[in-house]
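Below you'll find the structure, written out as structure tokens, and then a few comments.
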Amino acid sequence: MTIIDGPALALSAPVNLRDLGGIRIDGGVLRAGLAIRTDDLALVTEEAADELVAAGLTAIIDLRSADEVAISGRGPFGSRPVAYHHLALMANVGDSMQTQLPFTHESMGESYVAMVETAAPQLVTALNVVAHAPGATAFHCAAGRDRTGVLAAMLLLALGADDEDIVIDYARTDENMPAIMRRTQGVMGPLLARLGFDEERLRASLPDGPMEVSMRILLGTLRARYGDPLTPLRDAGLSADTVARLRARALAA
């Protein structure tokens, strides 16, 4: 992996990290220590990386594009005994952003549907990582909102969570957005500039109002289109055995 030379990136603790433990699923409650969703783990401090490993982290799923990874690589986790899986959910950040302009919660929700349909193989691989990792798996993009939110939704659907609980978890990111924007500026600023976007104008164009609309559109559209919202993943190879293993691991004491 080639890392693009540039100014040293500021490292900091994640600001949008949460264990999915405690969410109601089929058969009980998702246990802590299985799945962690978070903002960019390539930007964590050495101390934060050590704390996550000590707490049981054994695998990372990186959902960022190759362009993003080229800027920051794996960060401190590159020297820790944690399995790394790069499963980009979008090939090009710029192309994806163009399809969402002007940004609305509705356009973001529609982009999530497209992500599930076009990146189903990566999502299936991610669920298999969670199912088979010996400890906790953390998955992240840049903000821990969109791509991370899509994977979290697919995982929770596979575990039998209700749509409303999936929406509630997704919307928890809303209050973290100001801190997320500050934390990711060192990566996203240079990337957006290279892609020809005005970062300040893009940030100013982000929609106000409850962000839960986007997740409701994803779940509602998948159910309306397929009946079973996991159909795109099942068609891409998500097996009953993987779902059973996920549920068993999620409920294990």
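Here are some notes:
- D_trans [Stokes-Einstein, Kirkwood Rh over alpha-carbon pairs] for the chain, 25 °C, 0.890 mPa s, µm² s⁻¹: 134
- Using a Förster distance of 30 Å, the FRET efficiency for residue 92-residue 26 (Cβ separation, nearest 0.05): 0.25
- What the Cβ-Cβ distance of residue 248 and residue 165 gives, at R0 = 25 Å and to the nearest 0.05, is a FRET efficiency of 0.80.
- Pair residue 9, residue 107: separation of 7 Å Cα→Cβ label points (nm): 2.6
Rule-based calculations on the coordinates, nothing more; no lab input. What you see is a predicted model; the values in this text were computed from it and never measured. Note that each Cβ is placed from the backbone with ideal geometry, even for glycine, and that neighbours are counted across all protein chains shown.
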